[in-house]
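The values are calculated or read from the model by the stated rules, or taken from the named source; none is laboratory data. In this text the structure is predicted, and so the values were computed from the model without any measurement. Quick reminder, even Gly has a Cβ in these numbers, built from the backbone with ideal geometry, and neighbours come from all protein chains shown. The protein model used for the area step is the full one, side chains on, heavy atoms only, and it has no ligands, DNA or RNA in it. Shrake-Rupley method; radii C 1.70, N 1.55, O 1.52, S 1.80 Å.
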Amino acid sequence: MMPLPWILVFFPWFGAVVLALIPPRFGIGRFVNIGIAAGSLLIALILLGHPHGEQGWTRTDALNLPFVAVAALVGLTTAVFSAATLDAERFDELRIRAYHAVFQLFMGAQFLALVSDNLGVMWVAIEIATLASVLMVGIHGTPAAVEAAWKFFILCGVGIALALFGVILLYLAAQPVVGSGDPGLSWAALHAVAARCDPGLLSLAFVFLLVGYGTKAGLVPLHSWLPDAEAEGPLPICAVLSGLLLNAALLAILRAEAIVGANPAALPAGPFLIGFGLLSLLLAAFSLWRRRDARRLFAWSSIEHVGLATFAFGLGGAVANLAGIIHLLGHSLVKSAVFFAVGAAALIKGSQKVEDIGGLAASHPALGWGLALGIAALAGMPPFALFVSEFRLVAEGAARFPWLVLPVGLGLLVAAAALIRTLQALCLGAPTRDNPVAGAFPLPGGLLWVSGPVWLHLVLAVLLGFAAPAGFVALLREGARILG
């Protein structure tokens with residue numbers, strides 16, 4: 001029987017083939033897409049309670065299983081949002097087939113990247129996910145969409161090439177110890193023998209992997225593809241780019257950090273992560289004040305939060321690593337909810353400019369208050385998971401490296417102020433005029449298809465921060481321990 005992790009990977013890939021064959025004129029593709037995403041979530045939840053261990057090229061452990069579960073959940077809610085808004089994208093029949101098929105191709109690659117034990121397979125999976133993302137971003141075929149997809153492809157193509165070189169260097173470092181073949185690419189095998197590997201090769205490999213995968217994670221300075229991709233691609237794609245692809249790339253960096261950190265003679269990885277994280281946090285925080293496009297603004301918020309999580313992992317230790325894991329999971333839940341709400345608001349108002357979306361809480365209460373709470377969560381307000389992770393991170397940083405509190409605190413305050421200003425502009429005050437996009441919300445129930453996923457994500461973000469089940473908390477703590 002096929003191991004469960006591979007079932008999780010191939011189920012959406014099989015679904016992609018089915019979706020590519022369904023004639024769009026029957027109108028069932030969007031519901032088949034939801035069914036496939038629901039099946040993936042069911043498999044992911046079964047896997048969450050499955051005994052951890054290595055199965056060929058895959059490994060399930062306390063580090064990747066929470067990310068698998070959240071990825072499957074975001075995949076399902078994105079499929080639901082997509083079903084409600086697909087007509088507004090005005091795709092022809094070919095593009096509808098391509099959109100659904102490529103979405104499931106992306107989800108399968110995302111799952112493979114998360115559960116891979118083989119660093120080469122992980123590289124291939126992230127590359128497949130990237131190419132699928134490029135196709136989704138450019139699917140409209142407009143000049144702006146093609147430009148965004150091209151920038152995405154070029155920058156991330158450079159990144160993936162650098163990451164491949166890093167993988168090769170890791171293999172060369174391990175070859176004298178473990179010999180040729182799969183063991184030289186296995187994360188578990190490399191971690192076990194890292195202390196006996198050439199520290200110079202390990203250090204050089206980590207630098208290439210950090211820059212390469214850091215490009216896909218949206219870390220400064222190779223971050224500029226992310227705002228363009230999320231501003232020009234189809235509305236649902238913002239959720240999976242910020243909520244899923246960035247996590248997979250950062251997890252690849254963390255796997256490499258754990259290997260390098262197991263060799264005392266290798267270059268310390270922590271200062272590099274702290275530096276990239278701080279730079280991303282500060283640049284994004286100040287850039288939030290200059291954005292007038294709502295989708296582009298929240299893309300910069302993704303850069304801020306990935307930078308903050310990277311900073312946490314750079315500090316290292318049980319508390320900081322746990323804060324980083326909670327931050328990434330909480331960000332996936334909240335940011336996808338915010339993009340759902342902003343996307344729906346853009347369809348209602350006929351524009352995604354901040355100045356054209358106002359008074360949403362008064363004109364569309366369920367959507368407006370959901371967006372307001374989502375933005376407040378991104379600003380680090382209680383009672384959401386991001387408040388818990390940021391509080392733990394600042395307290396840990398102040399205890400260990402007091403001088404770091406100033407730049408981190410500055411970044412958090414500047415970003416929070418910009419987000420609260422955006423909350424007021426989008427959700428409060430007098431409502432702006434509705435100018436619905438043709439074809440918006442054609443399904444029975446209208447906005448319920450959108451506001452439902454928004455509120456579900458917000459509730460889960462609260463539970464993650466303050467009422468997570470004891471077993472899940474223990475899983476997160478074990479994941480933090482794996483990182484060292």
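For the chain, take the longest principal axis of its alpha carbons; what is the angle in degrees between that and the long axis of helix 29-48, to the nearest 10 within 0 to 90?
Once rounded, one gets 40 degrees.
Which number do you get for Rg(Cα) / (2.2 N^0.38 Å) in the chain?
So the chain has a normalised radius of gyration of 0.92.
So if we plug the beta-carbon distance of residue 482 and residue 292 into 1/(1 + (r/R0)^6) with R0 = 41 Å, what FRET efficiency do we get, rounded to 0.05?
Efficiency for this residue pair is about 0.45.
If I take R0 = 56 Å and measure r between the Cβ atoms of residue 448 and residue 267 in this structure, what FRET efficiency does the formula 1/(1 + (r/R0)^6) give, to the nearest 0.05?
The calculated FRET efficiency here is 0.60.
Extending each Cα 7 Å along its Cβ direction at residue 20 and residue 38, get the distance between those two points in nm, one decimal.
According to this spin-label approximation, the distance is 2.5 nm.
Multiply the residue separation of residue 175 and residue 473 by 0.36 nm, subtract the distance between their alpha-carbon atoms, and state the gained length in nm to one decimal.
Full extension from residue 175 to residue 473 adds 103.6 nm.
Treating the beta-carbon of each Lys and Arg as +1 and of each Asp and Glu as -1, no other charges, what is the dipole magnitude of segment 296-455 about its Cα centre, to the nearest 20 debye?
Using only the charged Cβ atoms, the result is roughly 60 debye.
At 1.4 Å probe size, with every protein chain present, just tell me what the per residue accessible area of segment 327-450 comes to in Å².
38 Å²
Could you work out how far helix 143-178 tilts from the main Cα principal axis of the chain, as a 0 to 90 degree angle to the nearest 10?
In the chain, helix 143-178 runs at an angle near 20 degrees to the longest axis.
Tell me, what is the 1.4 Å probe accessible area of residue 17, in Å² to the nearest 10?
For residue 17, the solvent-accessible surface is approximately 90 Å².
To the nearest 500 deg cm²/dmol, what mean residue ellipticity at 222 nm is calculated for the chain from DSSP H runs of n ≥ 4 alone, each contributing -39,500 (n - 2.57), summed and divided by the residues?
Helix-only estimate at 222 nm: -24500 deg cm²/dmol.
Modelled label-to-label distance, residue 10 and residue 182, 7 Å Cα→beta-carbon offset: nm?
Here the answer is 1.5 nm between the modelled labels.
So what does residue 153 come to for accessible area, using a 1.4 Å probe and Å² rounded to 10?
Residue 153 has an accessible surface of roughly 90 Å² with all protein chains in place.
Which is the longest run of the chain containing none of the trypsin sites (Lys or Arg not before Pro) found in DSSP loop states (not H, G, I, E, B) with at most 16 other C-beta atoms within 10 Å?
91-291
If you stretched the chain out fully between residue 161 and residue 401, how much longer would it get, using 0.36 nm times the residue separation minus the C-alpha to C-alpha distance?
My answer for the length gained is 82.9 nm.
Could you please put 420, 259, 43 in sequence from largest to smallest accessible area, using a 1.4 Å probe?
Final ranking, largest accessible area leading: 420, 43, 259.
Tell me the angle of helix 246-261 to the major Cα principal axis of the chain, expressed in degrees between 0 and 90 and rounded to the nearest ten.
So the inclination is approximately 10 degrees.
Could you work out how far apart the two model spin labels at residue 28 and residue 410 are, taking each label as a point 7 Å from the Cα in the direction of the beta carbon, and quote it in nm?
Roughly 6.0 nm, to one decimal.
Rolling a 1.4 Å sphere over the protein heavy atoms, what is the accessible area per residue of segment 120-204, to the nearest Å²?
That works out to 41 Å² for each residue.
For the chain, give the percent of accessible area contributed by carbon and sulfur heavy atoms, probe 1.4 Å, rounded to a whole number.
Ligands and nucleic acids excluded, carbon and sulfur give 72 percent.
How much length is gained if the chain between residue 147 and residue 55 is pulled fully straight, taking 0.36 nm per residue apart and subtracting their Cα-Cα distance, in nm to one decimal?
Working it through step by step, the gained length comes to 29.0 nm.
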